[in-house]
Amino acid sequence: MSTHVDAPAPVERKAPTTTQIGRSIPRLESRAKVTGEAEYIHNLRLPGMLYGKIFRSTVPHGRIVRIDTRAAKELPGVFAVITGEDVRALIPDPYYGPAFHDQPVLAIDKVRYVGEPVAVALSEDPHIAEHAANLIEAEYEDLPAVFDEVEAAAATQVFVHDALRPAGMFPDLKHLHGRTKTNVALDFTLRRNDVEQGFAQADYVFEHVFRTPTVAHTALEPIVSVAEPRGPQALTIHTSSQSPSFVRSEVARLLGWPENRVRVRTAFLGGGFGAKLYIKLEAMVAVLALMVKRPVKISLTMEEQFYTITKHATTVHLKTGVTKAGKITARQCEAWWNGGAYADIGPRVTQKSGFTAAGPYDIENVALNSYAVYTNLPPAGALRGFGIPQLVWAYESHTDLIARELEIDPLEFRRANILRDGRPQATGTIMHDIATVEVLDALSSAMRWGESFDRGKGSIRRGHGIAIGFKACIAPTTSGAIVNLYGDGSCAVYCGTVDMGQGSDTVMAQIAAEVLGLDPQSVSVIHPDTDVTPYDMATLGSRSTFHMGNAVRLAALEAREKLFAIAGKALEADPSLLTVADNGVSAPSGRRLSIADVIKSTFLMQAGNIIGTGSFRPTYTSPSQGDGQSDDITPFWMVGAVGAEVEVDTETGRVRVTRLVNVADVGTPINPGIVTRQLNGGALMQLGFTMSEAVRFDNGQAVNASLADYKIPGILDIPDQTLAKIVAGCQSTGPFGAKGVGETGTFAVSPAIANAVHDAVGVRIFDLPLTPETVYRALRAAQHNPLEDQQ
Amino acid sequence: MIPFDLQEPASLAEAIALLDPDDPSVRPVAGGTALMLMMKAGLFQPTRLISLRRLEGDLRRVHVDEHGDLHLGALVPLSKLELSPLVAEHAPAVSETCRTLSNVRVRNVATLGGHVAHGDPHMDLPPLLIALGARARAVGPRGERWIDAADLFVGYYQTALERDELLAEIVIPAPSPDSSAAYVKFTALSADDWPAVGVAAAVRRREGVILDAVLAVSAATEKPIRLAAAEAAIRGKSTSSGSFDEAAEAAAHEVEPLADIRGSTAYKREMVRVHVRRALIKASHS
Ligand SMILES: Cc1cc2nc3c(=O)[nH]c(=O)nc-3n(C[C@H](O)[C@H](O)[C@H](O)COP(=O)(O)OP(=O)(O)OC[C@H]3O[C@@H](n4cnc5c(N)ncnc54)[C@H](O)[C@@H]3O)c2cc1C
């Protein structure tokens, strides 16, 4: 029997005192990581394995005239050199992708960005493979290229793809099938009441445009995949993936195989941040391995990651109507997402984040348009926040400007317009379990808002700023889990959640341990292996604690029910009155048996299993076409607010963040230590995207594709004080009241800092990042003495 | 990376003998932090590397000679410069500069010789070595010679060293009692980044008057250079901020900054102005 729940699972409100929930136990794998014992696919070597090295396009858009692989093939030690045409011989239509089937395994006919894989050289020696890849030559007929998302959306001549090819998976993309002469992969529209009327009711209307650049995930373990053929008809893929279930479906689809012939497994990931989602190198290694009949490994370098997946650059146009008293009457938003040459999950970002583009405010009239745009840049996908930080950058900078203009305290202005529990969001969905007000209150006190503030002196000016953002968890998605009690009473959790550093193993163990009365440190968590672990949509979008946590809880409950049924007999008690604690089952009579003895009582020796399964799928109503309205858009909301204190050097424009406070609604934290580190980690990652990170392109060529020139924050960039504050809340549908937290720390960092800079020196930055030169130029412009470039 | 021949000679003479004056794909390697970056980027493909890791003796020593000159061996790691009490006493600006030079992992491995011999204009120490009047001792098949730090950097990633010469040491002359020096580093991206602009100043002053000053800039420019006009502008002037402004103005006029991802030409020119002033203030208050 399996417990399948379609409706949100009821929370165990009457549960006896919880002992494992709310405990900051150390991570299960800490020791293995510190001692170097933790498994990473990066270290995997298989007998007979070949290394693949990718030869990449050097032009942003071009027709392939000729690929010359002769010199590479002649190099001693080279096993094979494969091009897109070779791939087509095995798979007639070798295009993949989660939202659109638009990305070829290796370029066919055309290349669409600098860095696109064109051929692969294979050798038992990775150095020879690299040397061979350097010997490949390609000739292209240059085609005009488009790079800017707004220009590309309006283009009438230059198209990245001849026709749109939506994947079958998402019904709401079907209408796009076969569309030609466009770079807009998806246009999402939301209409709530009448914005024009809302603007008419307003005393003031404000309009601004905000931009964010392409940024990179820079996971410390670069993307790596190994495919291992098991004869011509079966395949194992070892991969640093956040979504093994999806990899299996997609590789099986490409090969025309049933899913049960593709096994996909992962180990620990050295960071993911969204870069390792859906399908990256897996299709390529799978095809290569089948062609050469040997295991094939491709491990990217840090540099190559910049050519594989990025975060969307955006342009966001906002227009807001507001009354003299400070009530927002209408908000209109147009967002352009620079998706690069292949859609990846961009269309989902465009829609799933797009519908929150008006911010966490209670606004009567809303009109949102969100466009996923193809350009000749590396593909953009998910990155910690799934588009939310770009939108919050826009709407919270905009909101601050309005408050300033109206001379209303920015915190009060937000408080007056905030979306409260029980009120409808722009989609029409009524907000539940959302602690927006509590988050603002906690932010206010953490920032000592309204108290006197040191403004600095001389060329160092100080300021403080705040911002708040929110996110809907992605829907609809499913997670399944198995909890297995072995004959000796020890326990394993089988789940498809990928632990990429976020601590999910520990949290899943805590949940199972809580239900079964075990020590969480003794629970083993079996890493994703599609031959073993049940389906899980993916480890993304802060969904795992909620979805997989619920599935694990249900599985553990089922196992416990079976355990109680057996124990009832052994203890001569009513199973419904039994309780678990300390690896044992107790009856009201006081009699107690260890779990091992309960199992022995039925199998008569140390043998057998007690298996519980759980599957969790929250309800969902997809937004209606045209107005984007839905009464059930998401299973839960996340709220994150940030306060920043900064020092600006007015002579150089350099900004130093001295204090960064993150306040989050995470429901009930299962492991507060992990939650705090996720919040701080997210905030510091976003600090980099705010202050220094931007992939710079010259005619489509990334010019700083390495950690030498693409600068993530170092220890000296960390604010003197970085604080994470958890607002106690309860997600009534979550496991033990929990909701997700992996992205919340990122939401509001950028606008809080820009708002603080404005507070300090009176200039507004509209485009990220806030490099010294950007701020300096704004300062000079404000003094009517703009920095001239021709000198 | 394509395989190459790695030699690990045990003496300086052996190392020099392994160098090849005519083959740019043969190079010495010390800490490897700069060279590996180039190799990974495919900018340099060696056929042979001569590792200096087994060389011992004065190459690894920091000492002060009988004239009070500070000798820094070419194989001394930057972290040792940072922490050495001798350096702190005789050239405090060098210790201080090392503290914000990259990060502790790089400093533990990177050597002074590699730092200087790389000829990378984005390095922190070269302008300071110029300002301090340092000299480099180079050893080659024809013996040794001395090169002034100001003459060492001849172009973008180009030094006055011959292909078959090795840098053996850097010598910083004993400071006169009325002199002081400072380096200011300005980063445009992360705090531990290479500088966008680096300015070093060494001043000799008496009773509130600058007798003379050496000013050098790096990172913004094609190579580390002295700022002659700015030096002239400050000579004989008082240590008031007004005269510093004049020097800063002169410096902004004389430099030709190169634009890159760390800043435009116009912006770097402004940053040279700001940091020449700041370097002068710092040097005359230390
Ligand atoms: C991540 C990172 C950040 C950095 N940040 C900074 C920074 O903020 N500021 C800064 O100034 N620098 C910075 N650097 C550069 C660093 O200072 C240099 O890489 C380092 O000093 C080079 O020393 P090395 O011993 O590793 O040189 P190597 O890499 O071994 O050699 C560099 C060059 O010098 C030659 N060479 C080495 N030793 C000798 C010798 N004795 N005689 C002749 N030629 C020789 C080599 O052939 C090579 O051409 C950074 C480097 C890294 C990797």
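The values are calculated or read from the model by the stated rules, or taken from the named source; none is laboratory data. Here the structure is a predicted model, which means the values were calculated and not measured. Because the Cβ atoms are built from the backbone with ideal geometry, glycine has one as well, and the counts that use them run over all protein chains shown. To get the accessible areas, we keep the full protein, side chains included, count just its heavy atoms, and leave off ligands, DNA and RNA. Shrake-Rupley method; radii C 1.70, N 1.55, O 1.52, S 1.80 Å.
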Would you mind calculating the relative contact order of chain B from Cα pairs under 8 angstrom and at least 6 residues apart, reporting the percent as a whole number?
-> 15 percent
Rounded to 0.05, the calculated FRET efficiency for the beta carbons of B:Val209 and B:Glu66 at R₀ = 25 Å is 0.20
How would A:Val34, A:Val749, A:Val437 line up by accessible area, probe 1.4 Å, largest first?
-> A:Val34, A:Val437, A:Val749
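With solvent modelled as a 1.4 Å probe, how much accessible area in total do chains B and A shield from it at their shared surface, in Å² to the nearest 100?
Answer for the B-A pair: about 2300 Å² buried.
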Furthest towards positive pole of dipole, A:Gln242, A:Ala185, B:Ala220, structure part the protein assembly as shown, Cβ charges | A:Gln242
With the 1.4 Å probe rolled over protein heavy atoms, chain A has an accessible area per residue in Å² of 35 Å²
Simple spin-label model, 7 Å along Cα-to-Cβ: A:Thr602 to A:Thr301 in nm?
-> 5.7 nm
In segment B:176-195, which residues become less accessible by 30 Å² or more once every protein chain is in place, relative to the chain on its own, using a 1.4 Å probe?
-> B:Phe186, B:Ala188, B:Leu189, B:Ser190, B:Ala191, B:Asp192, B:Trp194
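Tell me, what % of the accessible area of segment B:218-269 is carbon and sulfur with a 1.4 angstrom probe?
Result for segment B:218-269: 51 percent of the exposed heavy-atom area is carbon or sulfur.
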At a 1.4 Å probe, what is the % contribution of carbon and sulfur to the accessible area of segment B:5-51?
-> 55 percent
Taking a crude spin-label model, label points 7 Å out from Cα along the C-beta direction, the A:Leu46 to A:Glu196 distance in nm is 6.1 nm
Which aspartates and glutamates, on any chain, are close to A:Lys562 with Cα under 20 Å apart, when same-chain ones fewer than 8 places away are left out?
-> A:Glu12, A:Asp488, A:Glu514, A:Asp519, A:Glu572, A:Asp574, A:Asp582, A:Asp597
Accessible area per residue, Å², segment B:57-172 with all protein chains present, probe 1.4 Å | 40 Å²
Positive end of the charge dipole of the protein assembly as shown (Lys, Arg +1 and Asp, Glu -1 on Cβ, about the Cα centre): tell me which of B:Ser176, A:Leu768, A:Asn755 has its Cα farthest that way.
-> A:Asn755
Multiply the residue separation of B:Ala10 and B:Asp178 by 0.36 nm, subtract the distance between their alpha-carbon atoms, and state the gained length in nm to one decimal.
-> 56.2 nm
222 nm [θ] for chain B, helices only, -39500 (n - 2.57) per DSSP H run of 4+, per residue, to 500?
-> -9500 deg cm²/dmol
Please sort through the DSSP H helices of chain B and keep those with an alpha-carbon extent of at least 15 Å along the long axis and a Kyte-Doolittle average not below -1.0.
-> B:241-254, B:265-284
Taking the chain alone as reference and the full protein assembly as comparison, with a 1.4 Å probe on protein heavy atoms only, the residues of segment B:25-45 that lose at least 20 Å² of accessible area are B:Lys40
Dipole magnitude of segment B:71-205 about its Cα centre, charges +1 at Lys/Arg Cβ and -1 at Asp/Glu Cβ only, in debye to the nearest 20?
-> 120 debye
Accessible area per residue, 1.4 Å probe, Å², for segment B:5-51: what's the number?
-> 49 Å²
About the Cα centre of segment A:379-494, how large is the charge dipole given +1 on each Lys and Arg Cβ and -1 on each Asp and Glu Cβ? Please answer in debye to the nearest 20.
-> 380 debye
Report the label-to-label distance for B:Asp151 and A:Ser459 in nanometres (one decimal), using points 7 Å from each Cα along the Cα→Cβ vector.
-> 3.5 nm
Computed accessible area, A:Val81, all protein chains, 1.4 angstrom probe, square angstrom | 10 Å²
Rank B:Tyr156, B:Tyr267 by accessible area, highest first, at a 1.4 Å probe radius?
-> B:Tyr156, B:Tyr267
Carbon/sulfur accessible area of segment B:57-172, % of total, 1.4 Å probe, equals 50 percent
Cross-link pairs A:Lys53/B:Lys40; A:Lys327/A:Lys725; A:Lys324/A:Lys471; A:Lys53/A:Lys293; A:Lys280/A:Lys352; A:Lys297/B:Lys40 - those with Cα-Cα distance over 23 Å = A:Lys327/A:Lys725; A:Lys324/A:Lys471
Work from the charge dipole of the protein assembly as shown (Cβ charges, +1 for Lys and Arg, -1 for Asp and Glu, about the Cα centre) and give the residue of A:Val646, A:Ala167, A:Ala664 farthest towards its positive end.
-> A:Ala664
Starting from 0 in steps of 10 Å, tell me what percent of the Cα-Cα pairs of chain B lands in each bin.
-> 7, 29, 35, 21, 7, 1, 0
A:Ala234-A:Arg448 FRET efficiency (beta carbon distance; Förster radius 51 Å; 0.05 resolution) = 0.25
Length gained, A:Ser622-A:Asp109, 0.36 nm per residue minus C-alpha separation, equals 181.0 nm
Got a sec? What order do A:Lys174, B:Lys237 fall in by accessible area at 1.4 Å, biggest, i.e. largest, first?
-> A:Lys174, B:Lys237
Rounded to the nearest 10 Å², the accessible area of A:Trp257 at probe 1.4 Å | 40 Å²
Threshold 50 Å² - residues in segment A:746-791 whose accessible area is reduced by that much or more when the chain is no longer isolated, probe 1.4 Å | A:Glu773, A:Gln791
Counting only C-alpha contacts under 8 Å and six or more residues apart, can you give the relative contact order of chain A as a whole percent?
-> 16 percent
Could you calculate the FRET efficiency of A:Asp632 with A:Glu561 from 1/(1 + (r/R0)^6), where r is the beta carbon distance between them and R0 is 25 Å, rounded to 0.05?
-> 0.25
If you take the square roots of the eigenvalues of the alpha-carbon gyration tensor of segment B:5-51 and sort them as a ≥ b ≥ c, do you get rounded (a/c under 1.5), prolate (a/b over b/c) or oblate?
-> oblate
With a ≥ b ≥ c the root eigenvalues of the C-alpha gyration tensor of chain A, is it rounded (a/c under 1.5), prolate (a/b larger than b/c) or oblate?
-> oblate
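Could you work out the longest stretch of chain A that avoids the GluC sites (Glu not before Pro) located in DSSP loops with at most 14 other Cβ atoms within 10 Å?
No qualifying site falls inside A:125-406, the longest such stretch.
In debye, nearest 20: dipole of the protein assembly as shown around its Cα centre with unit charges on the Cβ of K, R (+) and D, E (-)?
1640 debye
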Quick one: accessible surface of A:Leu255, probe radius 1.4 Å, all protein chains present, in square angstrom to the nearest 10.
-> 40 Å²
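Would you mind calculating the relative contact order of segment B:223-286 from Cα pairs under 8 angstrom and at least 6 residues apart, reporting the percent as a whole number?
In percent, rounded to a whole number, it is 31.
Report, as an integer, the average count of C-beta atoms from other chains found within 10 Å of each Cβ along A:122-128.
1
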